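Engineer: The structure under discussion is supplied below as structure tokens; questions concerning it will follow.
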Amino acid sequence: MSQSLHAPASPRSFQSVLVTGGAGFIGSHVIRRLLAEHSTMVLVNLDALTYAGNLANLKDVESNPRYHFQRGDIRDESLVTQLFREHAFDAVIHLAAESHVDRSITHPLAFLETNILGTANLLNVARQQWSERRCMETSLFYHVSTDEVYGSLGAEGLFSETTPYDPRSPYSASKASSDHVVRAYHHTYGMPIVISNCSNNYGSHQFPEKLIPLMIRNIVDSRPLPIYGEGINIRDWLWVEDHAAAIDTILHTGWVGDTYNIGGLNEWRNIDLVRKLIELVDAELGREPGFSDSLITFVKDRAGHDMRYAIDASHLEARLGWKPSITFEQGLTSTVQWYLANGAWLEDVTSGDYQKYYEQHYDNR
Ligand code: NAD
Ligand code: TYD
């Protein structure tokens, strides 16, 4: 069965949506946005609550009658089947993943298991359930992926939807594999799917293992700021709420079988971004300019460190009309202010429980 690309006749409307990984960074923003924007949509958040998932990220919506939380693993076939039977989902937004490149270098199997097998399990259950209910055509499986599947750029050029896949870390290889499996279910079984590949996100509620929240935390505490290699690697940063808005747009108006790159043409060398964060945090804390400069510490480079990511999002803009809503200056300032005002959140997510989880879950994998 070969599937052709087609636009929805009119914007879709979904009543019952399974969101995986909703207690994580991006997932929590997606849930908050969809509840606010779609007044009849019911959302079930399936999340294993690994070290990266935290219900504190969704405190403001937990009593909403249209929101339900289920702790569980996306690889659990009987649990996912039971949820489909109970809630008759008409869409899945799949975000659950192991998401940190450095962890994928030390514990690759955990990434392959969750990101590939977990995605395959969700697809398989969705296929069975939507076939049984004879609602395949009106359903949608939305797979949230990353620009890292395209590999690493030199000084010139941008990733477009037709850039060949060339993943180079266990994380990006696992995401690339999952993208392929999603497309295979579309072409082989006629499952309606969309995929988006976004650039690096920043914003509130991001676990402080990733560059921006880690650096903000260390600047506040006057701890060393570890810059891998020479700090010349480039990332293309997008505000997480703009990513959530793009996901909302693609869910409702994206063409079936299509892929959308998401990004805001906002490239920064790591060292320049860290200098900018020092400036913003020191100013917020009333410190002298340059107060934290000496914290910059160049450390051993990440193995296989991708040099540059940069996204061409013109397909998404031309076809569906999405654009970023704020500048990096605005987004970064509000992000810094959020972390400064939410020290208790940072303490909570990095407490002893997190350490214990990490040791048990990742040991030997
Ligand atoms: P995150 O690590 O903050 O959150 C991942 C969530 O998935 C957590 O709540 C975790 O508990 C849950 N999870 C992990 N394994 C699970 C399992 N086996 N079963 C159920 N739940 C599980 O990640 P994020 O940064 O919010 O990323 C979300 C998605 O977006 C991922 O698929 C990631 O590849 C993609 N993405 C992220 C970025 C970024 O910059 N953060 C950019 C582009 C794409
Ligand atoms: P990260 O936030 O881990 O995202 P990704 O690897 O998915 O792009 O890292 C962003 C960039 O920052 C990347 O080039 C690696 C670099 N980096 C550091 O230099 N020091 C750090 O402590 C971390 C976590 C990242």
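Engineer: What dipole magnitude, in Debye to the nearest 20, does region 62-175 give about its Cα centre under +1 on Lys/Arg Cβ and -1 on Asp/Glu Cβ?
Structural biologist: Values: 10 positive and 16 negative charges, 69 e Å.
Value, rounded to 20: 320 debye.
Engineer: Continuing with the same structure: Run the reach check for Lys175 against aspartates and glutamates, Cα to Cα strictly under 13 Å, same-chain hits fewer than 8 apart removed. What comes back?
Structural biologist: Hits, sequence-local ones excluded: Glu98, Glu113, Asp147, Glu148, Asp166.
Engineer: In nm, to one decimal, how far is the Arg71 label point from the Arg287 one, both placed 7 Å along Cα→Cβ?
Structural biologist: In this crude label model, Arg71 to Arg287 measures out at 3.7 nm.
Engineer: Mind giving me the FRET efficiency for His315 and Ser39? R0 is 25 Å, r the Cβ-Cβ distance, nearest 0.05 is fine.
Structural biologist: Values: r = 30 Å, r/R0 = 1.19.
The pair His315/Ser39 has a calculated efficiency of 0.25.
Engineer: Something else: Give me the percent of Cα-Cα pairs in region 70-133 that sit more than 17 Å apart, rounded to a whole number.
Structural biologist: Details: 855 of 2016 pairs.
Of all Cα-Cα distances in region 70-133, 42 percent exceed 17 Å.
Engineer: Compute the relative contact order of region 176-283 as a whole-number percentage, counting only Cα pairs closer than 8 Å that sit 6 or more residues apart in sequence. Spell out each step's value before the answer.
Structural biologist: Numbers: 118 pairs, mean separation 41.9, N = 108.
The value is 39 percent.
Engineer: Could you give the length gained on full extension between Met307 and His180, defined as 0.36 nm per residue of separation minus the Cα-Cα distance, in nm? Before the final figure, lay out the partial values.
Structural biologist: Numbers: separation 127, 0.36 × 127 = 45.72 nm, distance 2.40 nm.
My answer for the length gained is 43.3 nm.
Engineer: Quote the FRET efficiency, to the nearest 0.05, computed for Glu156 versus Ser334 with a Förster distance R0 of 41 Å and r equal to the Cβ-Cβ distance.
Structural biologist: Working from the Cβ atoms, E equals 0.80.
Engineer: Which shape class, rounded, prolate or oblate, goes with the chain when its Cα gyration tensor gives a ≥ b ≥ c as root eigenvalues, a/c under 1.5 marks rounded, and past that a/b bigger than b/c marks prolate?
Structural biologist: Working: a/c = 1.64, a/b = 1.49, b/c = 1.10.
Prolate shape, in that a/c is at least 1.5 and a/b is the bigger ratio.
Engineer: Ok, one more. Mind jotting down a quarter of the surface of the convex hull over the alpha carbons of region 1-103, in square nanometres, one decimal?
Structural biologist: Numbers: hull surface 34.9 nm².
For the Cα atoms of region 1-103, the hull's average projected area reads 8.7 nm².
Engineer: Let me ask another. What is region 135-186's relative contact order, in percent, from Cα pairs under 8 angstrom and six or more apart in sequence?
Structural biologist: Details: 32 pairs, mean separation 19.6, N = 52.
Reported as a whole number, the value is 38 percent.
Any read-out appearing in this document is the output of simple, stated calculations on the displayed coordinates, not a laboratory observation. Bear in mind that the values here come from a model prediction, so they are computed numbers and not experimental data. With ideal geometry, Cβ positions are generated from the backbone for all residues, glycine too; neighbour counts draw on all protein chains shown.
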